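Remarks on the structure that follows.
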Amino acid sequence: MRPTSPVLPALFLALTALLGPTPADAQDFSIEDVLSAPFPEVLVAARDAEVVAWISNHEGRRNVWVAQGPAWNGRPVTDWQEDDGHALSGLTLTPDGTQVLVTRGGAPNREGWVPTPAQDDVGIERTTFRIATAGGAPVETRAGTLSPDGRRMAWAEDDGIWVADFPDGEPREIARPRSGAGDLTWSPDNDRIAFVSDRGGHSFVGVAEVEDGGYRYLDASVDSDSEPVWSPDGDDVAFLRTAWEEPELPFFARPTAATPWSIHVADADGDELQEVFRADPGAGSRFSGVNAEKQILWTEDGHLVFPWEKDGWKRLWTVDADGGLPRLLTPGDQVVQHMTLAPDGRTVVYDSNRNDLDRKHVWTLRPETDRVEQVTQGEGVEWAPVMTPSGQVAFLGSGPRMPARPFVLVDGERRVAPQGDVPGSFPDADELVTPQAVVFSATDGLPIHGQLFLPPELDEGERAPAVIFLHGGSRRQMLLGFHNRGYYHNAYALNQYLASAGYVVLAVNYRSGIGYGLDFREAEDYGADGATEVRDVVGAGLWLAAHDDVDPERIGLWGGSYGGFLTAQGLVHAPELFAAGVDIHGVHDWNEGIQNFVPDYEPSHDPELAERAFESSPLAYVDQWEDPVLLIHGDDDRNVRFTETARLVRELRRLGVPHDVLVFPDEVHGFLLHRNWQAAYEATADWFEEWLERD
C-alpha cells in the first residue's frame with residue numbers, strides 16, 4: 001500500500017484568485033548576460049610577500065590571477081581560453097609569492113575517469129603546473145605540500161610519504177605507514193612532517209622525520225585523531241580527537257550530542273601527551289568544523305583557537321596550549337564559516353553572520369586581548385578572508401546587485417577590486433533587484449528564512465506568477481546577495497533573471513541548512529529520516545499564495561540536487577498548490593541516494609530503515625504526481641546517480657504526466673561547462689514561461 005502523504009489537510013483547500021497579467025515579453029537583459037561575470041573560486045595569500053592569487057571562472061574559461069601590493073592591480077598569469085570543463089584546484093602561492101601552483105583537470109570518479117564534459121581527449125589527465133607570478137608559461141610540476149621555507153615539497157604516493165627539493169629535486173621516500181598517510185603538515189623548522197593515518201573506523205596522528213626517515217604515532221587510541229597543527233617552535237603537535245562511533249548513514253537526523261570531542265597536545269617525540277580541552281556534554285559535543293586549512297589554529301602566544309557549537313552556535317573559542325578553561329572569542333548568535341591565521345601568527349581572520357543572519361561579513365580577532373573587530377559591513381556579502389604580511393585584509397565579496405569579486409582593504413579604508421570592473425555584458429545595477437529578507441511559517445509553525453525578489457515593474461494590484469527556489473546540500477544557506485559558491489552564484493543570477501521577467505521569486509532556507517544554529521541544521525526527522533523539510537516548502541507556497549502580488553494558481557518550484565529532491569516532494573505532496581517544477585539532478589529514492597555515498601549500504605539488511613528512507617522519497621508518492629516537470633541531469637554525476645532521473649522518467653511516462661528531459665552527456669553534478677549552465681537555465685525559464693504564464 002502506498003504510504004499516506006504527511007502534508008497537512010489544509011494544503012488541499014482550494015486557492016482562488018483572478019489570473020493576473022503575464023510577465024512582460026521584453027527584458028532588459030538575458031540569461032547569458034546575467035551569467036557573464038567572472039566568478040572568483042578561491043583566494044590565497046603569500047606568507048612572506050604582498051601577493052594574493054585567485055582562480056577566475058569567466059564563462060567557463062578558468063585561469064589563475066594574481067595581484068601585488070601596494071597597487072593591487074589584478075592580472076592573469078595563465079591563458080586558458082576555452083569553455084572546456086577543466087576545473088582548477090589546489091591553488092598555492094610559494095611563501096615568497098614568486099610562484100603559484102595549480103592543478104588542472106577534475107577529480108576522477110570511482111572508475112578513475114577525469115570529467116570530460118566537452119568530449120575532448122585532453123580532459124583525461126590531471127596536471128599540476130607552477131607559474132611565475134611575474135609572468136611566463138606554465139611548467140608541469142608535482143602536486144604536494146610546500147615546506148614553510150618553500151624549498152621542499154612533500155606528498156603521499158603508493159602508501160608512502162615522499163619529499164623532494166622544490167621544484168625538480170629527486171624524490172625520496174621517508175616513511176611508509178600502513179594504510180598510507182594524509183593531511184601532511186610540515187613543522188616550522190622544515191625538519192618533520194605530521195600526518196594522519198586513516199584506518200577506517202579509527203585514525204592516528206603520526207610524525208615522520210624528513211632527514212633520517214622513520215615515523216612514530218602520538219598516543220594511538222581506538223578513536224579518530226585528525227587535524228595536526230604544530231606549535232610555533234616546532235616542539236609539539238596539537239590534534240583533534242573524536243570518539244569511535246558506529247558508522248552513520250548520510251541524510252539521517254543525527255543527535256546533537258555525542259561522546260565529547262577533545263584537543264590533545266603531544267611532544268613531537270611522542271614522550272608526553274596532555275588533553276587540553278574537552279567539549280562539554282550536550283550541544284556541541286559532536287564536532288562540526290569550519291572552512292579552514294586547519295580546524296585548530298596555534299598562535300604565536302600559545303593560544304589554540306577552534307570552532308565549538310556550545311550553546312548551539314558555531315563560534316570560535318580558545319584555550320591555552322598548556323590547558324585551562326576555554327574562553328569564548330566570538331559572542332553572539334552566529335555561524336563562523338571560514339577562518340585562517342594571519343602571517344603575524346597572532347591575528348585570526350574569519351567571516352560570520354553575526355548580527356546579520358542572511359549575509360556574511362569579515363572580522364578579525366586577537367585571542368590574547370579578546371579584541372574582535374568587524375572589518376566589513378553593510379549590504380554586501382564577504383567571505384574567505386586572508387591577511388597579507390603588512391596586515392591588509394583580502395577577501396571575496398559581492399552584493400545584492402553586484403557579482404562576486406576579490407577585494408583588498410588598503411589600510412582598512414579604501415576598498416580595491418583587483419580584478420577590475422564586471423564585463424559590459426553584465427546587467428547594470430539598476431536592472432537588478434535587491435531581495436528582501438522574509439520570515440514565514442512552515443506548516444508545523446517553524447520559522448523559516450528566505451529572500452524575496454519582487455519584479456521591478458509590478459503594478460499595484462497586479463498578481464504575478466511566482467517561483468520558489470530550493471538550494472541543494474542540504475548544508476547550505478542562500479544569502480541576500482550573489483552567493484559565495486559558484487553553483488549558487490549562478491542560481492542567484494537566474495533568480496534575478498526570473499524577477500526581471502515578471503516572476504515573484506522566493507529563495508527558501510529550509511530546515512537542515514546552515515546559518516541558523518545547530519538545532520536548525522540537525523532538524524528532527526529531516527532528509528531520509530522523515531523529509532520534514534517538505535513542511536517548509538509547502539509553507540513557502542502557502543505564504544506566497546496569500547501574498548498580494550502573487551497569483552496563487554501559478555506557483556512553480558525549482559532547485560538542484562537536494563533542491564531537486566524538494567522540488568519533486570512539493571509536486572507530489574501539494575499538487576493543488578504548485579503548478580510546475582524544474583528538478584535538476586534531484587534525489588528521488590533515498591535508498592539509492594545513500595548508496596551513492598555509502599557503496600556497501602544494502603537496504604535489505606535493515607528493512608525498517610530502508611522503508612523509512614523510501615517513505616521520505618518522492619517516488620513513494622509518485623502516483624499523486626500531476627504537474628508538469630522539467631528534469632535536467634548530467635550522466636557523469638558523481639553526487640546523484642543518473643538513474644535517479646531515469647527511474648522518475650519511467651514513472652512519469654506510466655502516469656502520463658507532462659515532462660521533458662535535458663541530458664548533458666559526460667557532465668558532472670556542478671556543471672563544468674558554462675554553456676551547460678546557460679542551456680539549463682534557458683530551458684528552466686522557457687519551462688516556466690510555458691506552464692506558469694498560461695491563462
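Here, each number is a calculation from the coordinates, and none is a lab measurement. Because the structure is a prediction, the values reported are computed rather than measured. Note: ideal-geometry Cβ built from the backbone for every residue, glycine included; neighbour counts use all protein chains shown.
Judged by the mean number of other Cβ atoms found within 10 Å, the most tightly packed of the peptides 37-48, 495-506 leads the ranking 495-506, 37-48. Under the convention that each Lys and Arg Cβ holds +1 and each Asp and Glu Cβ holds -1, the size of the dipole of region 433-686 around its Cα centre is about 580 debye.
Computed extension gain for ALA137 through GLU690, at 0.36 nm per residue and net of the alpha carbon distance, reaches 194.1 nm. Of the residues SER616, PHE426, TYR217, the one whose Cα sits farthest toward the positive end of the charge dipole of the chain, with +1 on the Cβ of Lys and Arg and -1 on the Cβ of Asp and Glu, is PHE426.
Which of HIS471, HIS674 comes first, and how do the rest follow, when ranked by fewest Cβ neighbours within 10 Å? Please report the intermediate quantities before stating the final value.
Numbers: HIS471 25, HIS674 22.
Fewest to most other Cβ atoms nearby, the residues stand as HIS674, HIS471.
Note: relative contact order over the chain, using C-alpha pairs below 8 Å and six or more positions apart, is 12 percent. Highest mean first, the peptides 93-105, 480-492, 603-615 sorted by other C-beta atoms within 10 Å per residue fall in the order 480-492, 93-105, 603-615.
A Förster radius of 56 Å, combined with the Cβ-Cβ distance separating SER221 from ASP430, puts the computed FRET efficiency at roughly 0.40. Placing R0 at 35 angstrom, the Cβ-Cβ distance between ARG654 and ARG199 gives a FRET efficiency of 0.15 after rounding to 0.05. Which net charge results when you count Lys and Arg as +1 and Asp and Glu as -1 among the other residues whose beta-carbon is under 11 Å from that of VAL550? That sum, taken over residues with Cβ under 11 Å, equals -3. Remark: C-alpha extents of region 331-384 on the principal axes read 30, 20, 17 Å, sorted largest to smallest.
In region 83-236, what percentage of the DSSP-assigned beta bridges are antiparallel, given to the nearest 5? Counting only bridges with both partners in region 83-236, antiparallel ones make up about 95 percent.
Where both partners of a DSSP beta bridge lie in the chain, what percent of those bridges are antiparallel, to the nearest 5? Don't jump to the answer; show the numbers that get you there.
Numbers: 118 of 146 bridges.
The antiparallel fraction comes to roughly 80 percent.
Could you give the alpha-carbon Rg of the chain over 2.2 N^0.38 Å, rounded to two decimals? Can you show the working numbers first?
Working: Rg = 25.6 Å, N = 695, 2.2 N^0.38 = 26.4 Å.
Rg over 2.2 N^0.38 Å, computed on Cα atoms: 0.97.
Fraction of C-alpha pairs exceeding 34 angstrom in region 433-686: 10 percent, rounded to a whole number.
Counted by Cβ distance under 12 Å from GLN678, the other residues give a net charge of -4, where Lys and Arg count +1 and Asp and Glu count -1. When the Cα positions of SER147, VAL386, TYR510 are compared along the charge dipole of the chain, VAL386 comes out farthest toward the positive end, with charges on each C-beta of Lys, Arg, Asp and Glu.
Where a ≥ b ≥ c are the square roots of the eigenvalues of the C-alpha gyration tensor, would you call region 86-163 rounded, which needs a/c under 1.5, or, failing that, prolate if a/b is larger than b/c, or oblate? Taking the square roots of the gyration eigenvalues as a ≥ b ≥ c, region 86-163 is oblate.
Below 8 Å between Cα atoms, with a sequence gap of 6+, how large is the relative contact order for region 209-253 in percent? Relative contact order of region 209-253: 30 percent. What's the magnitude of the charge dipole for region 293-334 around its Cα centre, counting Lys and Arg as +1 and Asp and Glu as -1 at the beta-carbon? Answer in Debye, nearest 20. Magnitude of the dipole: close to 160 debye.
Full extension of the chain between ALA71 and ALA253 yields a length gain of 60.5 nm, computed as 0.36 nm times the residue separation minus the alpha carbon distance. Note that region 636-651 has calculated 3J(HN,Hα) couplings of 10, 5, 9, 9, 10, 4, 4, 5, 4, 6, 4, 5, 5, 4, 4, 5 Hz, one per residue in order, obtained from phi through the Karplus relation 6.51 cos²θ - 1.76 cosθ + 1.60 (θ = phi - 60°); glycine and proline are x.
From its DSSP helices (H runs of at least four residues, each -39,500 (n - 2.57)), the chain gives a residue-normalised ellipticity at 222 nm of -4000 deg cm²/dmol. Helix 562-573 and the longest principal axis of the Cα set of the chain meet at an angle near 30°.
Computed from backbone phi, the HN-Hα couplings of region 156-166 come to 9, 7, 6, 6, x, 9, 10, 9, 7, 5, 8 Hz, rounded to whole numbers (Karplus: 6.51 cos²θ - 1.76 cosθ + 1.60, θ = phi - 60°; Gly and Pro given as x).
At a Förster radius of 56 Å, what calculated FRET efficiency corresponds to the Cβ-Cβ distance of ASP322 and LEU446, to the nearest 0.05?
On the way: r = 44 Å, r/R0 = 0.78.
Computed FRET efficiency for ASP322 and LEU446: 0.80.
Counting only alpha carbon atoms, the long axis of helix 674-692 and the longest principal axis of the chain meet at about 30°. Return one number: the angle in degrees, 0 to 90 and rounded to the nearest 10, between the long axis of the Cα atoms of helix 486-500 and the longest principal axis of the Cα atoms of the chain. For 486-500 against the chain, the angle is about 30 degrees.
The convex hull built on the alpha-carbon positions of region 585-673 has an orientation-averaged projected area of 6.2 nm². Among residues other than THR443 with Cβ under 15 Å from its Cβ, the summed charge is -4 (Lys and Arg +1, Asp and Glu -1). About its Cα centre, the chain has a charge dipole of approximately 360 debye under the convention of +1 per Lys or Arg Cβ and -1 per Asp or Glu Cβ, with nothing else charged.
Let me make sure I get this right: for region 109-233, a, b and c are the square roots of the gyration tensor eigenvalues over alpha carbons, sorted descending. Under 1.5 in a/c it's rounded, otherwise prolate if a/b > b/c, else oblate. Which is it? Note, shape of region 109-233 comes out oblate. The residue list TRP230, ASN291, LEU240 was ranked by how far each Cα lies along the charge dipole of region 216-293 toward its positive end, using unit charges on Cβ atoms, and ASN291 comes out on top. Karplus-based coupling profile of region 448-465, in residue order and whole Hz: 10, 8, x, 10, 9, 9, 9, x, x, 10, 8, 6, 4, x, 6, 10, 9, x, with θ = phi - 60° in 6.51 cos²θ - 1.76 cosθ + 1.60 and x standing for Gly or Pro. Of all lysines in the structure, the ones whose alpha carbon falls short of 19 Å from that of LYS294, not counting any fewer than 8 places away in one chain, are LYS314.
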